Amino acid sequence: MKNKVLLIVIAVIVIISGGFFVWQQKSALPQDEISQLREPADLMTENILSAINEEDYNKFSENFNAEMKNSISESLFSQNNAVIKAAVGHYLLSKELTKEAKEGQYFSFYYKADFSDEPEGVAVKLVLKN
């Protein structure tokens, strides 16, 4: 992925409190939790990446709680879209899950997504709070 790693930390259902994140030892998710969260994570990630292509804030933020919507305003979304598209182009509607991990009460799903201007793919991370 060259040195262009777009870490879209898609913090869906994550409450941002004070701008800090408690780092804990990462562990693989138990199989039953993977099966419960994998499909919703895939759908949310696809929805968010497609919303970036379409520049559709409502679609992008449809799974956000009020605090997340306040943290990522429509204006900030538009600014970030410009940066993303300048760096890696448009999302090509293709991604694959490369890793999942449990970090405290957070569940992280890592994807390699295809973008038009980054032939080696782009790293995308979705974080869900249990």
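The values are calculated or read from the model by the stated rules, or taken from the named source; none is laboratory data. Since we're looking at a predicted model, the values are computed, not measured. We place every Cβ from the backbone using ideal geometry, glycine too, and count neighbours over all the protein chains shown.
Annotations
- Residue count for the stretch 58-85 satisfying the condition of being surrounded by fewer than 14 Cβ atoms within 10 Å (Cβ to Cβ), closer than 21 Å to Asp114 by Cα and either among the hydroxyl-bearing types (Ser, Thr, Tyr) or touching a strand residue (DSSP E or B) at 6+ places or on another chain (Cβ under 9 Å) (or both): 1.
- Condition check for Glu74: under 15 Å from the mean Cα position of the chain (by Cα), free of Cβ contacts under 8 Å to residues at least 40 places away in the same chain and farther than 21 Å from Lys129 by Cβ: no
- The combined condition, being closer than 16 Å to Tyr106 by Cα, at pLDDT 85 or above and in a helix (DSSP H, G or I), is not fulfilled by Leu49.
- Any chance Glu62 is without any contact (Cβ under 8 Å) to a residue 40 or more places away in the chain, touching a helix residue (DSSP H, G or I) at 6+ places or on another chain (Cβ under 8 Å) and of a type in the set (D, E, K, R): yes
- Evaluation of Thr45 against (1) more than 18 Å from Gly121 (Cβ to Cβ); (2) touching a residue at least 60 places away in the same chain (Cβ under 8 Å) (one fails), failing number: (1)
- Condition met for Glu96 (surrounded by fewer than 12 Cβ atoms within 10 Å (Cβ to Cβ) and touching a Gly at 6+ places or on another chain (Cβ under 9 Å)): yes
- Residue match in the stretch 59-82 (condition: among the charged types (D, E, K, R) and part of a loop (DSSP other than H, G, I, E, B)): yes
- With respect to the conditions (1) in a strand (DSSP E or B); (2) of a type outside the set (D, E, K, R); (3) under 13 Å from the mean Cα position of the chain (by Cα), Ser94 falls short on a single one, namely (3).
- No other residue among Ala113, Ala87, Ala123, Ala101 is in contact (Cβ under 8 Å) with a residue 12 or more places away in the chain and not in a strand (DSSP E or B) apart from Ala87.
- For the stretch 26-39, the condition of being of a type in the set (A, V, I, L, M, F, W, C), at pLDDT below 90 and exposed (fewer than 12 other Cβ atoms within 10 Å of the Cβ) holds for at least one residue.
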